[in-house]
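The values are calculated or read from the model by the stated rules, or taken from the named source; none is laboratory data. Being a predicted model, the structure only gives us computed values, none of them experimental. Positions of Cβ are generated from backbone atoms using ideal geometry, with glycine treated the same way; all protein chains shown enter the neighbour counts. Remember, those area values only see protein heavy atoms, side chains included, never the ligands or the DNA or RNA. Shrake-Rupley method; radii C 1.70, N 1.55, O 1.52, S 1.80 Å.
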Amino acid sequence: MRRLSTAILLALAPSAAFADTMPQMDFQNPLTLDQVGWMAVILVVLYLLLSRWGLPQVGKVLESRAAVIAADLAAARQAKKEADDAVAALNATIAQARAVAQAEVAKAVNDAKAKAAAEAATLAAALEAKLEAAEAQIATARAAALAAIRPVAAEAANTILLKLTGAPPAEDQLAPRLDAALAARKVA
Amino acid sequence: MAAPSIDALGQFGLTTGLGQLGRALHFTNSNEAMLAAAVVIVGIFALGLQARALVPGRMQSLVELLYEFVRNMCVDTIGEEGLRFFPLVFTIFAFILIGNLIGLFPYFFAFTSHIAVTLALALFVFVFSTGVGFYTHGFRFFKFFVPSGVPGWLLPLLVPIEIISYLSRPVSLSVRLFANMTAGHVMWEVFAGFMLLLTASLGVVGAFASVVPLGLNVALAALELLVAGLQAYVFAILTCLYLHDAVHMH
């Protein structure tokens, strides 16, 4: 084995030319193999320390950091979701309020229009009634006036004929003529 | 005055560490460096785990970076099953990485430059991944050496090649790390020795001329920093690849 490893060293390592004097190749020295025994002891202790204490502790630190980051991210996502929901609710409320307000405005406008139309109709009816009353009054006055014309005309005709003839006209001859004359003037 | 000579290999010599106790227990200077690496790793974890802040500080970032780097390497290479092997791969990666890095400091021993160390690590990975393969698939794991979709008459040729390539895994895994670390440290020592030789032989001129090997060593320091990280990564990712083969058989 020793000769084999020396041969490999001669082939591979540039410093193997010193093989005869190399302390690394001096397997006659018991310390060369003793160091391996102590290395085994040191490595076993180191392995136990690292595998039982060091590495799991570092793993815990990394895990707790990952957990904190994950929790923070989840909290941030939750907060964002809440904010989004609040914005959506706000938008919905605004839209609803706008719709309500528009409905109110439309209702008020319609009411006002209806009221104005009703008032206009009432006013028109009142004016119509007054107009009719006035027309009726005019007709009455006209009828009264027309009715007053015949006696006046009859008296005037009587007086005129009396002055002209000296005798009052016959009542039965005067009345038809008077009626005809008034009818011709369309006042009877 | 004796002329200085370049002793490029003396830095790899093993002695006993920790004084009398170390001598009694055969605790070597390379084990001192291993202990230092383990203490540095545990220290990084202890410091990094102090605050446990949501927004990490420097040390916590370092620990988390290392953790996630190796964890992703395991999951990406082996799959979700790789998490079972994550502590093992992490221990090997951290041990080699910190060992390579503290080996770059003066007076520190680079234990990854010892073939006995790297071969032991590689053999452990090899035996462990083979064991995982047989544990997961039973005797069907032998099918791993039979490439699918190959005409039958080629199998007598291909199966031995597959077996040899499988058996050579621990060799290439260990020699790659050992050779890289050794070569880097030897080159450092050689260039540093040039500076002493130049100064000793040429005097003042040599002292000025030794700026050249010094500059080379500075550049080499950057390269060795890269190699230290890269070789630890290569060792860890190959460990993951072998475990992937053991778990998935393809």
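Measuring heavy-atom accessible area with a 1.4 angstrom probe and counting protein chains only, the residues of region B:85-101 that give up at least 40 Å² relative to the chain alone are B:P87, B:T91, B:F95.
Most mobile of A:N29, A:N110, A:N91 per a Gaussian network model of chain A (Cα springs, under 10 Å)? With Cα springs under 10 Å in chain A, the top fluctuation among A:N29, A:N110, A:N91 is at A:N29. Start at zero, step by 10 Å, and the Cα-Cα distances of region B:26-248 spread as 7, 25, 28, 20, 12, 6, 1, 0 percent across the bins.
Relative to the present Cα-Cα distance, how much length would full extension add between A:T159 and A:K81 at 0.36 nm per residue of separation? Intermediate values should be presented prior to the final figure.
Details: separation 78, 0.36 × 78 = 28.08 nm, distance 11.46 nm.
Length gained, A:T159 through A:K81: 16.6 nm.
Rolling a 1.4 angstrom probe over region A:10-163 with all protein chains present gives an accessible area of which 68% lies on carbon and sulfur atoms. Helix B:169-209 and the long axis of chain B differ in direction by around 10°, with both axes built from C-alpha atoms. Put a plus charge on the Cβ of each Lys and Arg, a minus charge on the Cβ of each Asp and Glu, and nothing anywhere else: the dipole of chain B about its Cα centre is then about 280 debye.
Remark: relative contact order (region B:26-248) = 28 percent; criterion is Cα-Cα distance under 8 angstrom and separation of 6 or more residues. Mean-square fluctuation check for chain B, GNM, Cα pairs under 10 Å: which of B:G215, B:G152, B:G184 is largest? Of B:G215, B:G152, B:G184, the Gaussian network model singles out B:G152 as fluctuating most.
Counting other Cβ atoms within 10 Å, which chymotrypsin sites (Phe, Trp or Tyr not before Pro) in region B:52-108 have at most 11 and lie in a DSSP loop?
Answer by residue number: B:Y107.
Secondary-structure-derived ellipticity at 222 nm for the protein assembly as shown, considering helices only, amounts to -28000 deg cm²/dmol, per-run term -39500 (n - 2.57) for DSSP H runs with n ≥ 4. Across all directions, the average projected area of the convex hull around the alpha carbons of region A:2-184 is 33.3 nm².
How far, in degrees from 0 to 90, does helix B:58-78 lean away from the longest principal axis of the Cα atoms of chain B, to the nearest 10? Rounded to the nearest ten degrees, it is 40. Here the scattering of region B:106-151 is modelled by Debye summation over its C-alpha atoms, one equal scatterer each and no solvent; at q = 0.14, 0.21, 0.29 Å⁻¹ the log10 of I(q)/I(0) is -0.55, -0.77, -0.97.
Roughly how many Å² is the accessible area per residue of chain B, as a whole number, for a 1.4 Å probe?
Numbers: 12230 Å² over 250 residues.
It amounts to 49 Å² per residue over chain B.
Cα convex hull, the protein assembly as shown: 441 Å³ per residue, rounded to a whole number. Please determine, in degrees from 0 to 90 and to the nearest 10, the orientation of helix B:86-103 with respect to the longest principal axis defined by the Cα atoms of chain B, where the helix direction is its Cα long axis. The angle comes out near 20 degrees. When only alpha carbons are used to place a centre, region A:127-188 and region B:202-241 end up 154 Å from one another.
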